[in-house]
Amino acid sequence: MNRREEDEMSVFPGLTRRDFLKCCATLASVIGVAGPMAVTSVAEALEDLARRPQVVWSLFQECLGCSVNLLQARKPDPAQLILQQISLNYHEAVMAPAGFQADKSFTDTVNSRDFYYIVEGAIATGIPEAMTVAGRTSMEIVKDAYQKAKGTICIGSCACYGNIQAAAPNPTGAKGVGDYLRNEGGISNAVVINSPRCPGNAEDTLAILVYILVNGKLPELDDKGRPKFLFSQTVHDNCERRGHFDNGEFVEQFGDEGSRDRWCLYKMGCKGPVTYAPCPINRWNGDISWPVKAGPCIGCSEPGFWDKLTPFYSKESGIRTPGDISPVAIGEALGIATAIGIGAHAVVQTARGRMGKGGPLSKERGPVDQPDHWKKQSEDPDDTKPGSEKGGS
Ligand code: SF4
Ligand code: SF4
């Protein structure tokens, strides 16, 4: 079959059937669908996604970083799947209409009650007029759209929890969508799906939409409104520097020898051990990079991180490390369980012989353990992840 015939078999122009199925296999792994029909189910859901759902995307108190992330090219390209295939009826930054026409598009789609609602940006509840679109405040817009939508997804930490805009003293009363709806909005049982991180990740968003279509229901959420299938592990759990943590090998200051050897950044303030997010797996910029490649995690996916986790470059006190067993006194707001878990993990790793003689990233030991779906991608000859022949450092 030649390329043109393959293209014609795909619902997605420019994406061959073969590439499309590869994309489906990756997504099936991310959302936890297994078995012989997994790829077919995801393919059907994506084709369904391409034909039916209308999406309205609101931008409130934000920086547009989440949308920019969505537009980053990747092959197979989730932005292509989302922007070219679903009916994105309203997105102020990328839609062609402006002014009255744009507003009409929003109103018509919302009133059809046949759409998914994606929100990027925080809601201004203290000074509602600080965030208005077409004469309506963010509070009015989001309450109306939420009540008519088939589902609401908050992409990025601003829409989920307020993010930087909500940092003290929070002059505009910035809040996440769910928090606003359940309190000032008066909808006490409001449920939104939170997909935090800063910026929010396009693959997370696509995975959530596909999950809903494949399973016919919303994903199970944790107590912070995040899908468990994406946010149940810490950054630390899947970090590529984890072997060095287990081995007690830490960067002591930026630019030192450990820094050049890509040792663990815990002592430089890394918040990976207390941050629940799939950052090491669903990365950014065409899957090229993620924050810990360059510096410590600052915990941007956690509610209130700006106030709770600063100063960002100071060591998080009380986390048990192999070479630094100190009393557990981790920040109360984030709970003690993580620290205990890390201590327990260190014990298990010691029992497995991962500590003491050179960690999994050392020359003697080879690559660090990776999650299954990461392994699958790494086996792909086109893969550019570190560790593959074509990969970076
Ligand atoms: S979550 Fe981050 S990237 Fe997204 S809009 Fe907010 S500040 Fe910008
Ligand atoms: S402390 Fe940070 S850099 Fe070190 S292993 Fe954990 S997440 Fe990675």
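The values are calculated or read from the model by the stated rules, or taken from the named source; none is laboratory data. All figures in this text were calculated on a predicted structure; none of them were measured in a lab. A quick note on method: Cβ atoms are made from the backbone with ideal geometry, for glycine too, and the neighbour counts reach across all protein chains shown.
Table for the structure above
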{"read-out": "Qualifying residues in the stretch 287-318 (those that are assigned to a loop (DSSP other than H, G, I, E, B) and aromatic (Phe, Trp, Tyr)) - the one farthest from CYS160 (Cα to Cα)", "value": "TYR313"}
{"read-out": "Matching residues, the stretch 226-276, being surrounded by fewer than 23 Cβ atoms within 10 Å (Cβ to Cβ) and acidic (Asp, Glu)", "value": "ASP237, GLU240, GLU249, GLU252, ASP256, GLU257, ASP261"}
{"read-out": "Among (1) surrounded by fewer than 21 Cβ atoms within 10 Å (Cβ to Cβ); (2) farther than 21 Å from THR26 by Cβ - the single one GLY286 does not satisfy", "value": "(2)"}
{"read-out": "Near pairs, Cβ below 7 angstrom, 6+ apart or cross-chain, from the stretch 150-169 (on the phi < 0 side of the Ramachandran plot) to any residue that is part of a loop (DSSP other than H, G, I, E, B) and within 16 Å of ligand 2 (Cβ to nearest atom)", "value": "SER157/ARG197; SER157/CYS300; SER157/SER301"}
{"read-out": "Residue in the stretch 151-170 that is at pLDDT 95 or above, more than 22 Å from SER67 (Cα to Cα) and away from ligand 1 (no atom under 16 Å from the Cβ) present", "value": "yes"}
{"read-out": "Filter pass, PRO199 being more than 10 Å from ligand 2 (Cβ to nearest atom), under 30 Å from SER314 (Cβ atoms), part of a loop (DSSP other than H, G, I, E, B) and in contact with a helix residue (DSSP H, G or I) (Cβ under 6 Å, 6 or more places away or on another chain)", "value": "yes"}
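Residue-by-condition table, conditions (1) modelled with pLDDT under 95; (2) closer than 22 Å to PRO311 by Cα:
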{"residue": "ASP246", "(1), (2)": "yes, no"}
{"residue": "PHE254", "(1), (2)": "yes, yes"}
{"residue": "GLU257", "(1), (2)": "no, no"}
{"residue": "VAL274", "(1), (2)": "yes, yes"}
{"residue": "ALA277", "(1), (2)": "no, yes"}
{"residue": "ILE281", "(1), (2)": "yes, no"}
{"residue": "TRP284", "(1), (2)": "yes, no"}
{"residue": "ASP287", "(1), (2)": "yes, no"}
{"residue": "PRO296", "(1), (2)": "no, yes"}
